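To keep things clear, I will list the structure first and then write my remarks on it.
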Amino acid sequence: MRTDSRLSRVLHALLHLDEMDGPATSEQIAQMLQTNSAVVRRMMSGLREAGFVASVKGHGGGWSLQKPLTEITLLAIYQALGTPHLFAIGNDEEAPKCLLARAANDATRQALSEAQAKFEKSLSEKTVAQLVKHG
């Protein structure tokens with residue numbers, strides 16, 4: 001199963017952007033993340049829409065932070081990425097006729113919902129700036 005690494009990759013990029021004196025191009029970020037610039041642009045577009053980063057085209061342009069990392073929670077980043085699915089687990093049928101299948105689906109759905117809520121609560125309690133200890 002393929003995993004979605006956008007959250008950790010974006011956090012990595014934001015931490016680098018915070019330490020840079022000027023904007024970073026998609027190519028520079030791609031090199032940091034060992035991917036290509038098109039992937040970077042797709043990943044960063046949600047962050048731009050959320051107001052966390054800005055991008056400037058042309059010579060001297062690139063991506064830069066628009067908010068301090070102390071004001072950006074991990075949950076906000078996760079949401080800006082479109083809240084990727086946590087698990088590959090799902091139900092066999094959405095609306096089964098069998099009562100036992102419905103019970104199994106309900107139990108699975110409830111457990112996944114609880115796990116999602118716990119994950120999001122954990123993300124909401126930490127800012128991007130808290131990922132690194134300065135000093």
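Remarks
- Around Arg41: net Lys/Arg minus Asp/Glu count, Cβ-Cβ under 14 Å: +3
- Among Gln28, Gln79, Gln110: highest mean-square fluctuation, GNM of the chain, C-alpha pairs under 10 Å: Gln110
- Ordering Ser55, Phe87, Ala38 by the projection of their Cα atoms onto the charge dipole of the stretch 32-135, which places +1 on the Cβ of Lys and Arg and -1 on the Cβ of Asp and Glu, puts Ser55 at the extreme positive end.
- Note that the stretch 7-87 shows a convex hull volume over its alpha carbon atoms of 89 Å³ per residue.
- For the chain, lysine pairs separated by 8 or more sequence positions, or belonging to different chains, with Cα-Cα distances below 29 Å total 8.
- Packing rank of 63-69, 10-16, where each peptide gets the mean count of other beta carbons within 10 Å, highest leading: 10-16, 63-69
- With the simple model of a label 7 Å out from the Cα in the direction of the Cβ, Arg102 to Glu19 spans 5.6 nm.
- Summing Lys and Arg as +1 and Asp and Glu as -1 over all other residues whose Cβ lies under 12 Å from the Cβ of Thr73 gives a net charge of 0.
- 222 nm mean residue ellipticity, helices alone, for the chain (DSSP H n ≥ 4; -39,500 (n - 2.57); rounded to 500): -16000 deg cm²/dmol
- Residues whose placed amide H lies under 5 Å from that of Val53, excluding near-sequence neighbours: Arg48, Gln66
- For the chain, carbon and sulfur atoms together expose 52% of the accessible surface, with a 1.4 angstrom probe and every protein chain in place.
- Å² per residue, accessible surface of the stretch 12-125 at 1.4 Å: 64 Å²
- The percentage of C-alpha pairs in the chain whose separation is greater than 22 Å is 47%.
- Built from the Cα atoms of the stretch 57-135, the convex hull projects on average onto 8.7 nm², one quarter of its surface area.
The values are calculated or read from the model by the stated rules, or taken from the named source; none is laboratory data. Please read all numbers here as calculations on a predicted model, not as lab measurements. In this analysis, Cβ positions are derived from the backbone assuming ideal geometry, glycine residues included, and neighbour counts consider all displayed protein chains. Side chains are part of the model used for accessible areas, which takes the heavy atoms of the whole protein and leaves out ligands, DNA and RNA. Shrake-Rupley method; radii C 1.70, N 1.55, O 1.52, S 1.80 Å.
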